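What follows is a set of notes on a single structure, which appears directly below.
The values are calculated or read from the model by the stated rules, or taken from the named source; none is laboratory data. Keep in mind the model is a prediction, meaning the values are calculated, not measured. Methodologically, a virtual Cβ is constructed for each residue, glycine included, from the backbone with ideal geometry; neighbour enumeration extends over all protein chains shown. Quick note on the areas: whole protein, heavy atoms, side chains included, nothing else; ligands and nucleic acids left out. Shrake-Rupley method; radii C 1.70, N 1.55, O 1.52, S 1.80 Å.
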Amino acid sequence: LPDGLMLLEHPPVYTLGRGADRAFVRFDPATHPVPLVPIERGGEVTHHCPGQLVGYPILNLRRHQPDLHWYLRQLEEVLIRAIGTWGLGAERLPGLTGVWLEGCKVAAIGIQVSRWVTMHGFALNVDCELAGFREIVPCGIADRPVGRLADFVPGLTVAQARSVVAEQFAAMFGLRLEPCPPNHRPAGALML
């Protein structure tokens, strides 16, 4: 199959990566209104919600570079360049996966790879409510806040971010953007 990218928003949900520490969940999942779902990606607990652009790259890394560290850095670079289009200086922090803006984590990355085909991906906080992140220790990092782009670019929407991220993703991986036919994609997803 050709390489692809699904870009979408999730209803409110918490996800636990493989081997995640449940001590980073600050609520009782049995009584909480938002589900807590164990999934097979790497990483700790995170929160997804409307206003957050979630990207699921489906890449055969044999066509690019079969190296997980390279792939993680490429995803970070896609998001850093996308954020840079709004005149913002996003960055990596040594020893931490994700993208940061003025000390706030604005993008999380958690992947799974099977036979060099990627699954899961990234979550970019565009104009989402941040309250849900206070109920967890996001990505297991207690000493750094979570942020969103709309606090730096008032009025920014997920629709605006979607096209910029898609363009940067295509450029980074040497791909051509082609919309996926509606009968081949999940409801509400933009696949490229």
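What are the residue pairs meeting all of these: first residue in the stretch 60-78, first residue within 26 Å of Ala161 (Cβ to Cβ), second residue small (Gly, Ala, Ser), Cβ atoms under 6 Å, and 6 or more apart or on different chains?
Pairs found: none.
Scan the stretch 114-152 for residues that are part of a strand (DSSP E or B), open to solvent by 40 Å² or more (accessible area, probe 1.4 Å) and either in contact with an Asp or Glu (Cβ under 7 Å, 6 or more places away or on another chain) or hydrophobic (A, V, I, L, M, F, W, C) (or both) and report the count.
Residues of the stretch 114-152 that are part of a strand (DSSP E or B), as a first pass: 114, 117-125, 136, 146.
This time we only want the ones that are open to solvent by 40 Å² or more (accessible area, probe 1.4 Å), so: 114, 117, 119.
Now restrict to residues that are either in contact with an Asp or Glu (Cβ under 7 Å, 6 or more places away or on another chain) or hydrophobic (A, V, I, L, M, F, W, C) (or both): 117, 119.
Within the stretch 114-152, residues that are part of a strand (DSSP E or B), open to solvent by 40 Å² or more (accessible area, probe 1.4 Å) and either in contact with an Asp or Glu (Cβ under 7 Å, 6 or more places away or on another chain) or hydrophobic (A, V, I, L, M, F, W, C) (or both) number 2.
Yes/no matrix, rows are residues, columns are (1) open to solvent by 40 Å² or more (accessible area, probe 1.4 Å); (2) in contact (Cβ under 8 Å) with a residue 24 or more places away in the chain:
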{"position": "Pro2", "(1), (2)": "yes, no"}
{"position": "Leu5", "(1), (2)": "no, yes"}
{"position": "Tyr14", "(1), (2)": "no, yes"}
{"position": "Arg18", "(1), (2)": "yes, yes"}
{"position": "Arg22", "(1), (2)": "yes, no"}
{"position": "Pro35", "(1), (2)": "yes, no"}
{"position": "Glu40", "(1), (2)": "yes, yes"}
{"position": "Gly43", "(1), (2)": "yes, yes"}
{"position": "Gly51", "(1), (2)": "no, yes"}
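Here's the yes/no breakdown for (1) at pLDDT 95 or above; (2) not hydrophobic (A, V, I, L, M, F, W, C):
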site	(1), (2)
Leu5	yes, no
His10	yes, yes
Tyr14	yes, yes
Ala20	no, no
Thr31	yes, yes
Gly42	no, yes
Gln52	yes, yes
Tyr56	yes, yes
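Please count how many residues of the stretch 153-174 are in a loop (DSSP other than H, G, I, E, B) and open to solvent by less than 20 Å² (accessible area, probe 1.4 Å).
The total comes to 1.
Residues that are more than 13 Å from the chain's Cα centre (by Cα), modelled with pLDDT of 95 or more, on the phi > 0 side of the Ramachandran plot and surrounded by fewer than 16 Cβ atoms within 10 Å (Cβ to Cβ): does the stretch 82-98 have at least one?
yes
Out of curiosity, is Glu44 more than 23 Å from Leu130 (Cβ to Cβ) and under 16 Å from the mean Cα position of the chain (by Cα)? Full working, then the answer.
Numbers: more than 23 Å from Leu130 (Cβ to Cβ): no; under 16 Å from the mean Cα position of the chain (by Cα): yes.
Criteria not met by Glu44.
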